[in-house]
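The values are calculated or read from the model by the stated rules, or taken from the named source; none is laboratory data. None of these values were measured; they are calculated from a predicted model. Using ideal geometry, Cβ is built from the backbone for each residue, glycine included, and neighbour counts are taken over all protein chains shown. The accessibility values were calculated without ligands, DNA or RNA, using every heavy atom of the protein model including side chains. Shrake-Rupley method; radii C 1.70, N 1.55, O 1.52, S 1.80 Å.
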Amino acid sequence: MVVKKRARAVLIPLALYAVAAALVGYFVHHAHNGSRGLEAKRELKVQLDELTRDLAVVRAERAEWDRRIALLRSDQIDRDLLEERARTLLGRVHRNDLVIITGP
């Protein structure tokens, strides 16, 4: 009888601590590796950095195109840009120009 009471007195708290440790372990694991955990947050930050860099590149390209379009639309058209555009459309080159064909 005494042995059973001592075993219960030791095993019941031990079982409760084991269950509590398992629950804490489960939640800690999912907080770190889950779909909304720390690893997912780190991956989203990396993706955000890549997209921010891409956005900066696209904005710079758009600013360059806007600048070139503004040169064509102004009252005083940029002669170099007009000449470049005319040569592209007509397929002509100046006799002093060097043409390098790079394939299709």
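Here are some notes:
- Test for VAL19: is it aliphatic (A, V, I, L, M), on the phi < 0 side of the Ramachandran plot and either touching a strand residue (DSSP E or B) at 6+ places or on another chain (Cβ under 9 Å) or assigned to a helix (DSSP H, G or I) (or both): yes
- Checking each residue in region 49-84 for being among the charged types (D, E, K, R), within 36 Å of the chain's Cα centre (by Cα) and at pLDDT below 85 picks out ARG68, ARG73.
- Filter pass, ALA31 being in contact with a helix residue (DSSP H, G or I) (Cβ under 8 Å, 6 or more places away or on another chain) and in a helix (DSSP H, G or I): yes
- Selection status of ARG8, surrounded by 10 or more Cβ atoms within 10 Å (Cβ to Cβ) and free of Cβ contacts under 8 Å to residues at least 24 places away in the same chain: yes
One line per residue, one yes/no per condition, for (1) among the polar types (S, T, N, Q); (2) on the phi < 0 side of the Ramachandran plot; (3) part of a loop (DSSP other than H, G, I, E, B); (4) out of contact with any Lys or Arg (no Cβ under 9 Å at 6 or more places or on another chain):
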| position | (1), (2), (3), (4) |
| --- | --- |
| ALA60 | no, yes, no, yes |
| ASP66 | no, yes, no, yes |
| ILE69 | no, yes, no, yes |
| LEU72 | no, yes, no, no |
| GLU84 | no, yes, no, yes |
| THR88 | yes, yes, no, yes |
| LEU98 | no, yes, yes, yes |
| GLY103 | no, no, yes, yes |
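- Residue that is nearest to ALA31 (Cα to Cα) [pool: residues in region 41-97 that are touching a residue at least 12 places away in the same chain (Cβ under 8 Å) and open to solvent by less than 70 Å² (accessible area, probe 1.4 Å)]: ARG68
- Single residue of VAL24, VAL3 found to be hydrophobic (A, V, I, L, M, F, W, C), part of a helix (DSSP H, G or I), out of contact with any Cys (no Cβ under 6 Å at 6 or more places or on another chain) and modelled with pLDDT under 80: VAL3
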